[in-house]
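The values are calculated or read from the model by the stated rules, or taken from the named source; none is laboratory data. For clarity, every value in this text was computed on a predicted model and none was experimentally measured. Because the Cβ atoms are built from the backbone with ideal geometry, glycine has one as well, and the counts that use them run over all protein chains shown.
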Amino acid sequence: MPYLQHAEGFSHATAAALMLVCVAAFTAAAPLVGRVARRGIAFENRLVVGAGALVAVAFAVLALWPHAAVPRPLLIAALVILGLGGAVSIAAFDIARREAPPHAAGAALALVNCGGFLSAAVGAWVVGRLLPAVAGPAAYQHAVAAVATVIAAVATLGSIHLARRRAAAAAYPKRTLPLDDARACARST
């Protein structure tokens, strides 16, 4: 909301109302994300990487917009994309749970949760350090959106790396050792 108030010049009430666009997009996209993600690793990978790239592009457009105020339709489109990105980010919990060994699933989920909060905290800290150095709404807009763009780009690159690893692992299923096959046969008799 501070971005909408300080960079875009909206009142507190208008900024809060605009944030509802983001929440509505999240709410509408979440069930669709679940349906796409359950189709398999390839669909989930495309979804996560695609949404991450869209979020990075949305932030980059806000950061690079040449004027102090972004046109409202473009701003609303960016908020919709951010809501979609938030809904897709929930897939990270499912990926972590599924990819981790059963005994480490809780730790994997905790890392995903902490990673999200850490990126938000680092972004807030960096923006807070930049604010005294910038003057005016346009400078604030560029500083905030540039930091968010970097965070979204790093997350997208991480998603691409994970998607490649998951695709490679799916292409070569785990082989069982002959001893494991013998134990499985012994249990079935």
message: Suppose we filter segment 64-110 for residues that are of a type in the set (A, V, I, L, M, F, W, C), in contact (Cβ under 8 Å) with a residue 60 or more places away in the chain and either at positive phi or outside any helix (DSSP H, G or I) (or both); how many remain?
response: 5
task: Could you list all residues from segment 149-189 that are at pLDDT below 70 and either touching a Ser or Thr at 6+ places or on another chain (Cβ under 7 Å) or part of a helix (DSSP H, G or I) (or both)?
output: PRO178, LEU179, ASP180, ASP181, ALA182, ARG183, ALA184, CYS185, ALA186, ARG187, SER188
query: Using beta carbons and a limit of 8 Å, which pairs, at least six apart or on different chains, have the first residue in segment 4-31 and in contact (Cβ under 8 Å) with a residue 60 or more places away in the chain and the second one in a loop (DSSP other than H, G, I, E, B) and among the β-branched types (Val, Ile, Thr)?
result: GLU8/VAL70; ALA30/ILE90
Only one of ILE95, ILE90, ILE76 that is of a type in the set (Val, Ile, Thr), surrounded by 18 or more Cβ atoms within 10 Å (Cβ to Cβ) and within 29 Å of ALA145 (Cβ to Cβ): ILE95
- request: Would you check which residues across segment 1-35 are β-branched (Val, Ile, Thr), within 24 Å of ILE95 (Cα to Cα) and crowded, with 17+ Cβ neighbours inside 10 Å and list them?
  value: VAL33
query: If you go through segment 93-105 one residue at a time, do you hit one that is modelled with pLDDT of 80 or more and either closer than 28 Å to ALA17 by Cα or among the β-branched types (Val, Ile, Thr) (or both)?
result: yes
- prompt: Taking VAL48 and the conditions (1) more than 13 Å from ILE95 (Cβ to Cβ); (2) crowded, with 18+ Cβ neighbours inside 10 Å, which numbered condition does it fall short on, given that it satisfies the others?
  reply: (1)
